[in-house]
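Novice: Dumping the structure here so I can ask a few things about it.
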Amino acid sequence: MGLLAIATACVTDPPDVPGNPDALALTIVDGDHQVSQIGQRLPRRYVVRATLNGTPAPNREISWVVSVGSGRVDPSSSVTDAEGLAETTHTLGPEVGSQEVRATFAGIAEAAQVTFVTQVDPVPTPPRVASLPIPANYGIHDTFVRDGIAFVCAWNSGIIILDVGGGGAGGAPDAPVQLATFVTQAAPLPTPAAHNAWWFHNPVTQERRYLFVGQEGPGTIGANSSGDIHVLDVSDLANPMEVASFHLPGAGVHNFWMDEARQVLYAAYYNGGVIALDVSGVLAGDLSGRLLANTLPGGPGNTFVWGVMLVGGSLYASDMISGFWRLDRETLVPTGGGSNVPDRFSSDLWSAGSYAYTGTWGSREGTLGSAIKIWELAVGGPVLVDSVLVPGIRTVSDLQVSEDGTLLVASAEGAEGAGIYVYRLTEPTKPQLVGLVLVDTGIHTVTLAEVGGKLYAFGAKNPGDPALEIYDLSSFRP
Amino acid sequence: MRWMAGAIAVSTTVDPIPEGGRLTELRVVQPVVGGHGAFFNGKIWWKATLNFEGITIPEGELTPGGFGEGFVDRRHPHTYAHELMAGTTLPWGGGKWGVGLAAGKGFPSFGSDDPMGRDPVRFPVNHHWAQILERAVVTGQFRYRLVVLEGSLFNGDEPESPGDQPNLGRFGDSWSARLSVNPTNDLEFQTSTASVLAPEHPEAEGHRQRMFSIGGRLERSIAGRRSYAMAEWTRTSEADGAFIFHSFLGEGATNVGRHRLYYRFERTDRPEEERISAFRTPRPPLDDNILGITRWTIHTIGNRFAIWRPGNAVIEPFVEGSLIQVDKVGEGIFNTRDYYTKDRMWSLSLGMRVGLGMMGHRMGRYGLLVQPMGSQPGEHLHDQ
């Protein structure tokens, strides 16, 4: 993985033009000779000095243009200070090789210019250990992995239960063994649409009896949704049975989290906000009477919750419209955050220690969902500290931090950058891209799991040819 | 037996396109070769149309508002085997009665004529609400006097590419029925209904579309000018009523010397889906959600000039323009002004139509619909 350094600074002689352009000059002060990977914001800013007849030239507008690659500069123009200095940052595009930025005097076509050249090395690709085709009904949406058992949520094919190292059937991540399939009930909706799952390990009863399955029915993003929670008894993993369900009128379920110690299931419910459901004891039939709390963090008409996560006694919710919230875990009343991602629609979330990460989705007022937001989980609520741009995508569809806190893994969809991104969290607020798998149809979700002492990513590959793709990330840990 | 061939070379400018900006494209659209014929005094007929848009417009044709088969704001290319139909018609009682059977790849009995045979070059937004196309289909027909009743069975899945063929394993998962009335030879009315399973999912893992259409068409000489007018209204319900889309379209054309002047008004609802690029949506969709519904109100006006019409051929330069208003209907996160940067658009097309045997060709009509009441087998086997 040697990193090559290419240093090039190009300076053109000023042309023989009467007046100012003859005497204007630009020189590189800092930022050249950098080496990085795709999508990274270069740690050192590009700095130039403008001079007029050898003397620093203040108040000169400098234009910064990406001349090679599809990265971004910010700002695209800047004014020289008293010392004639101007600067910008460069966030790299998805191209491997050489990426360049040219600095020129704005509006003076034939004045001096300089070019910064950065070498962008390929990012290592995690080895894929297995690719399991999933029936194209439509395909695979999400995977829940625990104790070496993978529950594949395969939409209208229902739940596929795989031994990937813990089921006693000889399965492993590189050779999954199917234990069972089960198609959850569709009614009253037209299709089962198995979207996500959670295998409940009850510390009170010591049971591992229940699998909660979310059904995602038809809806209009930002307005309405449908779909219920279905409960399977998986006491016998080879013979699951559906035993209960929960319906929230006027809304449909999305992602889950559990407070297993308190036997509470938290569910994101899109326009229905967030619910807390008592899942203690024996679960049977209609669970409507077990609703403990329900909240709309952004208020009516401004709520469309994608996911929830319990961390350190606080419940966090990522709302597509109204941003990143902290909620009281018992009352679900918002206690911080909110209205803090106005530029993009939000997607999934993951909290780890004092920090959290949220994805972004689709197009909001022309801005694509190509960013991972980085938050500090402060006393008053989540505070945005930075963002990582992921070039060449339209949506960060899922993300997760490894249990040891060293890696952040994100799945991406749309455009040429779709796939799986692996970041090292040596500094949690500055994820460093260390691994990348490009998958042209996109990866819808990614789930991390430790099996046999190794870290694996279970990716849901989109159609055509939907598949569960399993990658070994062990070598990316520090 | 008659043959036909044609193509349209067109330069189209649209402003704005998705995510803003203006785009001009020069393309060859609707390049077709086809023919139809009959045997045994018209009792056995065949019809074939080959379409080469898979070669000329693999990325689709710039068409603001257009959608279908994973394309948005572009019209998808048609399949190479656009129509391969054959059948039988058995009239009796002086043509007062008749039965017919048609089978092959083509249009199920639903809605109005395919836009390819109509005056405007620009396909309407309602193309996938007002027609069902490129399916493996069997259609039964019954006529009594002025009325023709049709029923079709077909596969629900739309083509995935120009070279794709209907999924025969799904044949019969969808059906349609149409009632047509011809009070006179130049006036017709139709009402039709269809139930199409999961057109966007090759494995039928989507929802059923329930479709309804009603319309009328007039073609006659008025004050010595060959004139045409049609109007239609459609309603499509998807996922047991979770989504409902309406469309109204009216168009007309008349000859003025060598000029053919035409106008179309359309107001059509379109689902907005997550996009994987400016002009594409995922196929199949990854869930059952939409981002909202937009309503497209479009005025299109055009003029074709027959600079040369030797025999059965035409060479017609044309100009066609559209003014478009896009409005959001109901709720959802899709915001037209944010996405397109404006809610009013325009398009302008300049081009040349060339054709042989294309005059009056009506796409997607078979058997008894082509054979007016009162005619003898073998007569009027060509489209009017």
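Since every read-out is calculated from the coordinates, none of them should be taken as a lab result. Remember, predicted model here, so these are calculated numbers, not experimental data. Quick reminder, even Gly has a Cβ in these numbers, built from the backbone with ideal geometry, and neighbours come from all protein chains shown.
Novice: Please compute the average number of Cβ atoms from other chains found within 10 Å of each residue's Cβ in peptide A:149-162.
Specialist: So the per-residue partner count for this stretch is 1.
Novice: Based on the Kirkwood radius over alpha-carbon pairs, what is the Stokes-Einstein translational diffusion coefficient of region A:326-478 at 10 °C with 1.306 mPa s viscosity, in µm²/s?
Specialist: Translational diffusion coefficient: 100 µm²/s.
Novice: Using 0.36 nm per residue, how much length does the chain from A:THR55 to A:ARG128 gain when fully extended, once their Cα-Cα distance is taken away?
Specialist: 20.5 nm
Novice: Just to verify a number: FRET efficiency for B:LEU356 and B:LEU218, C-beta to C-beta distance, R0 = 30 Å, to 0.05?
Specialist: My answer for the efficiency is 0.65.
Novice: Now for a separate question. Dividing the Cα convex hull volume of chain B by residue count, how many Å³ per residue is that?
Specialist: Convex hull of Cα atoms, per residue: 121 Å³.
Novice: Between B:TRP97 and B:ASP240, what is the label-to-label distance in nm when each label sits 7 Å out along the Cα-to-Cβ direction?
Specialist: Roughly 4.4 nm, to one decimal.
Novice: Let me ask something else about it. Run the quick spin-label model on A:LYS430 and A:GLU365: label points 7 Å from Cα toward the beta carbon, then report their separation in nm to one decimal.
Specialist: In this crude spin-label approximation the distance works out to 3.0 nm.
Novice: Sort B:MET352, B:MET211, A:MET309 so that the residue with the fewest other Cβ atoms within 10 Å of its own Cβ comes first and the one with the most comes last.
Specialist: B:MET352, A:MET309, B:MET211
Novice: Sorted by mean Cβ packing within 10 Å, highest first, what order do the peptides A:198-205, B:47-54 take?
Specialist: The most tightly packed comes first, giving B:47-54, A:198-205.
Novice: Now for a different question. Distance in nm between label sites at B:LEU179 and B:VAL329, each 7 Å beyond Cα in the beta-carbon direction?
Specialist: 2.5
Novice: Check which residues have an amide H placed less than 5 Å from B:ALA313's amide H, if you skip close sequence neighbours.
Specialist: B:GLY357
Novice: Which of A:ILE38, A:SER67, A:GLY107 sits closest to the plus end of the dipole of region A:9-120, meaning its Cα is farthest towards the positive end, when Lys and Arg get +1 and Asp and Glu get -1 on the C-beta?
Specialist: Towards the positive end, the residue furthest out is A:ILE38.
Novice: Whole-Hz Karplus ³J(HN,Hα) for region A:115-123, in order, using 6.51 cos²θ - 1.76 cosθ + 1.60 and θ = phi - 60°, x for Gly and Pro?
Specialist: 10, 8, 10, 10, 8, 10, 7, x, 8
Novice: Take the alpha-carbon positions of chain A, form their convex hull, and give its projected area averaged over all directions (one quarter of the hull surface) in nm². Walk me through the numbers on the way to the answer.
Specialist: On the way: hull surface 96.0 nm².
Averaging across all directions leaves 24.0 nm² for the Cα convex hull.
Novice: So between A:ALA284 and A:ASN302, what do we pick up on full extension, going 0.36 nm a residue minus the alpha carbon distance?
Specialist: Extra length from A:ALA284 to A:ASN302 when fully extended: 3.1 nm.
Novice: Please report the equivalent ellipsoid semi-axes of the protein assembly as shown, computed as sqrt(5 x eigenvalue) of the Cα gyration tensor, largest first, in whole Å.
Specialist: Result for the protein assembly as shown: semi-axes of 52, 40, 23 Å.
Novice: How much mean residue ellipticity at 222 nm does the protein assembly as shown get from its helices, if each DSSP H run of length 4 or more adds -39500 (n - 2.57) and you divide by all residues, to the nearest 500 deg cm²/dmol? Don't skip to the end; give the middle numbers.
Specialist: Working: 4 runs with 17 residues, N = 862.
My calculation for the protein assembly as shown gives -500 deg cm²/dmol from helical runs alone.
Novice: Determine the shielding of peptide A:135-145 by partner chains: average, over its residues, the number of Cβ atoms on other chains within 10 angstrom of each Cβ.
Specialist: Whole-number average of other-chain Cβ neighbours for A:135-145 is 3.
Novice: Just counting partner chain Cβ atoms within 10 Å, what average do the residues of peptide A:408-420 show around their Cβ?
Specialist: For this peptide, the per-residue mean of nearby foreign Cβ atoms is 1.
Novice: For a label point 7 Å from the Cα of A:LEU291 along Cα→C-beta, name the residues of region A:207-249 whose backbone N is under 20 Å from it.
Specialist: A:212-220, A:222-231, A:244-249
Novice: Rank by packing, highest mean first: peptides B:213-224, B:266-277, B:142-153, with packing defined as the count of other Cβ atoms within 10 Å averaged across residues.
Specialist: Answer by packing, highest mean first, reads B:266-277, B:142-153, B:213-224.
Novice: Next question. If the viscosity is 0.890 mPa s and the temperature 25 °C, what Stokes-Einstein diffusion coefficient in µm²/s follows for region A:236-327 when Rh is the Kirkwood radius over Cα pairs?
Specialist: 179
Novice: Whole-Hz Karplus ³J(HN,Hα) for region B:328-342, in order, using 6.51 cos²θ - 1.76 cosθ + 1.60 and θ = phi - 60°, x for Gly and Pro?
Specialist: Result, rounded to whole Hz: 7, 10, x, 9, x, 7, 5, 10, 5, 5, 5, 7, 9, 6, 8.
Novice: Separate question: Using a cut-off of 9 Å between beta-carbons, work out the net charge of the residues near B:GLY35 (Lys and Arg +1, Asp and Glu -1, B:GLY35 not included). It would help to have the intermediate numbers written out before the result.
Specialist: Numbers: positive: B:ARG2, B:LYS47; negative: none.
Every neighbour counted, the sum reads +2.
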